[in-house]
Amino acid sequence: MRKLGIYVQVPFCQTKCTYCNFHTGVVAKERFAPFVEAVCREIRGHRRLLRAAGVIGAAAGEGEDDSQEWRSYLVDTVYFGGGTPSLVEPQQLQKILDAIRGTFRTEFGEVTLEADPETVEAAKAEAWVRAGINRVSFGVQSFSDKELAAAGRMHRRADVYRAVPILREVGIRNISFDLIAGLPHQTKASWKQSVDELVALAPEHVSVYLLEVDEGSRLGKELLAGGMRYSAGAVPSDDAMAEFYETAQEKLGAAGYHHYEISNWAKPGFESKHNLKYWKREAYLGFGAGAHSFSGRQRWANAHDAAAYVTAIEGGRLPVEQLETVTAEQALEEELFLGLRQLSGIDVGRIEREYGVALEGRFKSLAAAGLVERDGDVVRLAEEKLSVSNEVFVELMR
Ligand code: SF4
């Protein structure tokens, strides 16, 4: 039976991090309940809403109906992302999970909640487990208070040490930590310290991202203006970030983590089942303001503005902001880009057969430059070139 992932976007944060310009709002708690109600309505009414918005009718051929297809799917992964979904009450998360259970065929294997360490409390964590959440993804980002403060994060190093035992105590056996390489004030020594402390806490899964400063964020604007606010003068160079990434690669490998995607490592068996669906181009449905969906043929995204989203759902409309049918050319690019992000690589023979293309020429020069490795039909990024993977992708898409 085909599997379906469900993503729920909760677009609320406690404060705005300096480097971020996501469509997330710092709002009063009273705004959470109407939002959750709208998400539940969107889930329960998704077939009607998608048909009315032209998604289902346009995706299928004459007389076909994608919703029939989705009925045969089994939802095995749910991911609450944001924003900071751990801010909403556990009972509200439970309501959303119940709406999913009542609408789809479900057999939940992995239900992830993104959480900020300072939001974790024992009673809350117990309620998360009762609701069915079995994986928590922490935005740790750094173990240096100086770096956390400069980035505008709410939590401090001590919050991570307080939160992890609480989660273990209530039975969460799958914890993921995010670290960001390139935060203002980060040095070689502070980065090593962060990776060492992470390894000592032994989360089952780790994501390491290179700092991406959004041009519209406070830090982004300051960098563009050449100013010094928000520690703009203390952002590490691209070379330093690449070195930090390589340090993480070494240390995580030595600690028994399996590197399975450019930014992701896992203890054996703890690879993110939900995120693998994105990289393998499998179907997922997104609910909530700003959530993205993919049916295999089409991609669409809900409106980002939470208030506009709630108004649309209350008015019986699906606020689809973007809708596109993926062309064969786009699908091929996604296969290459998403496939090469996975360290298992891509099966060039399969892709050539499926898309009727010859890829030999594209990979020849990359292999000659030592950027990719070839093993029969399988092509993968060379491990020592992962920190410069963007250069490979630019070459490949030429
Ligand atoms: S980085 Fe995450 S927690 Fe910080 S403002 Fe952006 S969405 Fe919110």
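Read-outs: derived from the displayed coordinates by stated rules, not from any lab. As the structure is a prediction and not an experimental result, all values here were calculated from the model. With ideal geometry, Cβ positions are generated from the backbone for all residues, glycine too; neighbour counts draw on all protein chains shown.
Worth pointing out:
- Label-zone membership for the range 103-123, site Leu201, 7 angstrom Cα→C-beta point, backbone N under 17 Å: 113-122
- Here the extension length gained between Leu74 and Arg374 equals 104.5 nm, from 0.36 nm per residue of separation less the Cα-Cα distance.
- Global geometry of the range 1-53, whether rounded, prolate or oblate, following the gyration tensor of its Cα atoms and the 1.5 cut on a/c: prolate
- FRET efficiency, 1/(1 + (r/R0)^6) with R0 56 Å, evaluated for Lys267 and Ala234 via beta carbons: 0.95
- Cα-centred dipole magnitude for the chain, charges only on beta-carbon of K, R (+1) and D, E (-1), debye, nearest 20: 960
- Column: log10 I(q)/I(0), Debye, Cα scatterers of the chain, q = 0.12, 0.13 Å⁻¹: -1.06, -1.25
- Pairwise FRET efficiency - Arg317 versus Lys364, Cβ, R0 = 41 Å, nearest 0.05: 0.20
- Solution diffusion estimate, µm²/s, Stokes-Einstein, the range 135-253, Kirkwood Rh from C-alpha pairs, 25 °C, viscosity 0.890 mPa s: 165
- Less than 5 angstrom separates the built amide H of Val10 from those of Gly81, Gly82, all sequence-distant by 5 or more or on a different chain.
- Among the listed pairs Lys29/Lys192; Lys16/Lys251; Lys16/Lys221; Lys95/Lys280; Lys146/Lys385, those whose Cα-Cα separation exceeds 26 Å are Lys29/Lys192; Lys16/Lys251; Lys95/Lys280; Lys146/Lys385.
- By the count of other C-beta atoms within 10 Å, a proxy for reagent exposure, His259, His23 are ordered fewest to most as His23, His259.
- Selection from Leu97, Thr18, Ile6, by position along the positive dipole direction of the chain (Cβ): Leu97
- Positive dipole terminus of the chain, leading residue within Val36, Ser263, Val208 (C-beta point charges): Val36
- The range 328-397: C-alpha gyration tensor shape, a/c 1.5 cut-off, then a/b vs b/c: prolate
- The calculated FRET efficiency for Lys146 paired with Ala308, based on their beta-carbon distance and R0 = 30 Å, is about 0.20.
- Rounded to the nearest 20, the Cβ-based charge dipole of the range 143-277 about its Cα centre (Lys and Arg +1, Asp and Glu -1) stands at 480 debye.
- Prolate/oblate/rounded label for the range 242-369 (Cα gyration tensor, a/c 1.5): oblate
- Lys, Arg +1 and Asp, Glu -1 on Cβ, resulting dipole of the range 328-397 about Cα centre, debye, nearest 20: 100
- Here the spin labels are modelled as points 7 Å beyond Cα on the Cα-Cβ line, and at Asp98 and Met1 they lie 2.3 nm apart.
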